Amino acid sequence: MVKSVSILGATGSIGTSTLDLLREGDYRVVALTANSDAKKLAALAREFDAEIAAVSDESAFPELKALLAGTRTKVVAGPEGMAEASAADSEILLSAIVGAAGLAPTMAGFNAGRKVALANKECLVVAGRLFMRAAQEQGVTVLPVDSEHNAVFQALACGKREAVAKVTLTASGGPFRAMSRERLAVVTPEEAVRHPNWSMGAKISIDSATLMNKGLELIEARYLFDLDPAQLDVVIHPQSVVHALVEFHDGAVVAQMAHPDMRIPIGFCLGWPERLAWNAPKLDLPRVGALHFEAPDYERFPALQLARNALEQGGGAPNVLNAANEVAIEAFRARRLSFQGIPGLVEAVLEKAAKEGYLAEANTVNDALRVDHVARSFAATLLPQFAAKAS
Ligand code: NAD
Ligand code: MG
């Protein structure tokens, strides 16, 4: 059970859920970070008497500094400030920045020997092999916050690794699960962020609507648990009660269930290897009534197929997929791209990256970040062709 915690991305959805749990216990908050929201970060740093507050965006530094004047909180900014926050002496570093931007700060945490609770799945998509190798070399445990991976982590404890036949992640199907292709062509960003079961940040909500989120999660699971792509599967389960299933060679399937609330997997990471006693919302199966399962529709949701292909291809393909997807989501939110333009653009960027030789496995994190950068520039170049179809 940990007593001191740092949070990367403290102002976000996962950050907020984590701080809710910290309010219930006797924790020391070491470092809190945000991208640029100085007001929210300063209020949290004051409430939790944080030792360090860091903003990634240097232009937010003067405001944060002014808001925290007279407190003991050290205020830092930019990449070095973020690295200092990650490295600060806490028992656990909760990595909850959204997107590839979380990779460097999380790695800085490893390098300082921090135990990491990982929500930022994009880290593993951008540089999965390098990320897990760095953790291993530093002897750092990576505890999965993502609910499905947290469930897999728990289910894997029921048998030997050699006995694992298959790992299945569940997907709610998102807000458009039953929508026709024609209707999908005209959905708005407001509709896409309205998730039926979870309240989350905008990016992951849109990823849940395209099913790219589940694709990113397959890649996340591959590296996190060192699985073969062929061992990984997805099933649609609209109730989000069963989070993942692990099938063993003897035919036994171990599933983890919980009320859909991210504080449960976060609390698991804070408590591990013990179980945290807190006032968690309890699963009420008679009230849920029925649990439904169905196969995903790869045709209506091509993002899942693209991610599955990148998973099988390995090398730099997941990294390029992720970068293109981040650009596509920004464009969709800005109404410059249609919903179906998201997988369209991602596919075009993957094709261009393949043609131009950018799909090799990166040897260093810097190499991976360079490919991320190139893929984003490809996406920006190709965007106008797709953008035209949005209006
Ligand atoms: P969010 O958008 O609500 O919060 C993101 C946080 O990251 C904020 O604190 C923001 O200030 C910070 N941030 C954004 N861009 C940054 C940058 N360039 N540099 C530094 N900091 C930056 O996102 P979220 O929903 O909390 O998701 C965070 C991560 O957790 C994502 O990778 C997501 O896939 C994963 N995750 C989230 C949920 C969920 O329920 N929200 C569930 C599972 C996994
Ligand atoms: Mg998840």
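The values are calculated or read from the model by the stated rules, or taken from the named source; none is laboratory data. Everything quoted here is computed from the prediction, not taken from an experiment. Cβ coordinates were reconstructed from backbone atoms using ideal geometry, including for glycine residues, and neighbour counts include every protein chain displayed.
Does Val5 qualify as being away from ligand 1 (no atom under 13 Å from the Cβ), at pLDDT 95 or above and in contact with a Ser or Thr (Cβ under 8 Å, 6 or more places away or on another chain)?
On the way: away from ligand 1 (no atom under 13 Å from the Cβ): yes; at pLDDT 95 or above: yes; in contact with a Ser or Thr (Cβ under 8 Å, 6 or more places away or on another chain): yes.
Here the answer is yes, as Val5 does meet what is asked.
Okay, residues lined up against (1) under 27 Å from Asp146 (Cα atoms); (2) in contact (Cβ under 8 Å) with a residue 60 or more places away in the chain:
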residue	(1), (2)
Val30	yes, yes
Ala50	yes, no
Ala53	yes, no
Phe61	no, no
Thr73	no, no
Pro79	yes, no
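When you scan the range 337-351, do you find a residue that is of a type in the set (Val, Ile, Thr), outside the structural domain of Arg129 (by TED's automatic domain parsing) and in contact with a Leu (Cβ under 7 Å, 6 or more places away or on another chain), even just one? Yes, the range 337-351 has at least one match. All of Ala151, Ala108 fail the test of being among the small types (Gly, Ala, Ser), under 19 Å from the mean Cα position of the chain (by Cα) and under 18 Å from Glu220 (Cβ atoms), apart from Ala151. Quick check, is Gly25 of a type in the set (Gly, Ala, Ser) and modelled with pLDDT under 95? Yes: the conditions hold for Gly25. So which residues in the range 283-304 are free of Cβ contacts under 8 Å to residues at least 24 places away in the same chain and either within 22 Å of the chain's Cα centre (by Cα) or closer than 21 Å to Phe153 by Cβ (or both)? Answer for the range 283-304, where residues must be free of Cβ contacts under 8 Å to residues at least 24 places away in the same chain and either within 22 Å of the chain's Cα centre (by Cα) or closer than 21 Å to Phe153 by Cβ (or both): just Tyr298. Restricting the first member to the range 104-117 and to residues that are closer than 11 Å to Leu8 by Cα, and the second to residues that are surrounded by 22 or more Cβ atoms within 10 Å (Cβ to Cβ) and modelled with pLDDT under 95, the beta-carbon pairs closer than 7 Å and six or more apart or on different chains are Val116/Phe110.
Within the range 267-293, the set of residues being in a helix (DSSP H, G or I) and not aliphatic (A, V, I, L, M) comprises Gly267, Phe268, Cys269, Gly271, Pro286, Arg287.
I'd like the full set of residues that are of a type outside the set (Asp, Glu) and more than 21 Å from Ile14 (Cβ to Cβ), limited to the range 258-282.
To start, the set of residues in the range 258-282 that are of a type outside the set (Asp, Glu) comprises 258-260, 262-273, 275-282.
Scanning the range 258-282 gives Pro273, Ala277, Lys282.
Pick from the range 2-18 the residues that are over 14 Å from Glu51 (Cα atoms), in contact (Cβ under 8 Å) with a residue 24 or more places away in the chain and of a type in the set (Val, Ile, Thr): which of them is farthest from ligand 2 (Cβ to nearest atom)? If we take residues in the range 2-18 being over 14 Å from Glu51 (Cα atoms), in contact (Cβ under 8 Å) with a residue 24 or more places away in the chain and of a type in the set (Val, Ile, Thr), then Val2 is farthest from ligand 2 (Cβ to nearest atom).
Of all residues in the range 182-211, which are in a helix (DSSP H, G or I) and over 22 Å from Glu330 (Cα atoms)? Spell out how you get there, then give the answer.
As a first pass, look at the range 182-211 and keep what is in a helix (DSSP H, G or I): 182-184, 189-192, 202-210.
The answer is Glu182, and nothing else.
Scanning for something touching a residue at least 40 places away in the same chain (Cβ under 8 Å), more than 22 Å from Phe153 (Cα to Cα), within 16 Å of ligand 1 (Cβ to nearest atom) and in contact with a Phe, Trp or Tyr (Cβ under 8 Å, 6 or more places away or on another chain), does the range 237-246 turn up at least one residue? Taking every residue of the range 237-246 in turn, none turns out to be touching a residue at least 40 places away in the same chain (Cβ under 8 Å), more than 22 Å from Phe153 (Cα to Cα), within 16 Å of ligand 1 (Cβ to nearest atom) and in contact with a Phe, Trp or Tyr (Cβ under 8 Å, 6 or more places away or on another chain).
Residues in the range 198-223 that are more than 28 Å from Val186 (Cβ to Cβ) and within 12 Å of ligand 2 (Cβ to nearest atom): Leu218, Glu220, Ala221.
Among the residues making up the range 135-146, those that are more than 16 Å from ligand 2 (Cβ to nearest atom) and either polar (S, T, N, Q) or in contact (Cβ under 8 Å) with a residue 40 or more places away in the chain (or both) are Gln136, Gln138, Thr141.
Yes or no, residue by residue, for (1) in a helix (DSSP H, G or I); (2) touching a residue at least 40 places away in the same chain (Cβ under 8 Å):
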| residue | (1), (2) |
| --- | --- |
| Arg308 | yes, yes |
| Gly315 | no, yes |
| Asn319 | yes, yes |
| Glu326 | yes, yes |
| Glu330 | yes, no |
| Arg336 | no, yes |
| Gly344 | yes, yes |
| Glu347 | yes, yes |
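If I ask for residues that are of a type in the set (D, E, K, R) and within 11 Å of ligand 1 (Cβ to nearest atom), which ones from the range 36-47 would you list? Full working, then the answer.
Kept after step one, since they are of a type in the set (D, E, K, R), are these residues of the range 36-47: 37, 39-40, 46-47.
Correct list: Asp37, Lys40.
Looking across Phe301, Phe248, Phe293, one residue alone is touching a Ser or Thr at 6+ places or on another chain (Cβ under 7 Å) and more than 30 Å from Ile7 (Cα to Cα). It is Phe301. For the range 30-47, a residue qualifies if it is surrounded by fewer than 24 Cβ atoms within 10 Å (Cβ to Cβ) and closer than 21 Å to Lys115 by Cβ, and exactly one does: Val30. Only residues that are under 18 Å from His292 (Cβ atoms) and surrounded by fewer than 17 Cβ atoms within 10 Å (Cβ to Cβ) were counted in the range 236-254, giving 1.
The one condition from (1) hydroxyl-bearing (Ser, Thr, Tyr); (2) within 14 Å of ligand 1 (Cβ to nearest atom); (3) over 14 Å from the mean Cα position of the chain (by Cα) that Ser208 does not meet is (3).
Can you spot a residue in the range 48-67 that is crowded, with 16+ Cβ neighbours inside 10 Å, aromatic (Phe, Trp, Tyr), within 20 Å of Ile14 (Cβ to Cβ) and more than 12 Å from ligand 1 (Cβ to nearest atom)? So far as the range 48-67 goes, yes, one or more of its residues are crowded, with 16+ Cβ neighbours inside 10 Å, aromatic (Phe, Trp, Tyr), within 20 Å of Ile14 (Cβ to Cβ) and more than 12 Å from ligand 1 (Cβ to nearest atom).
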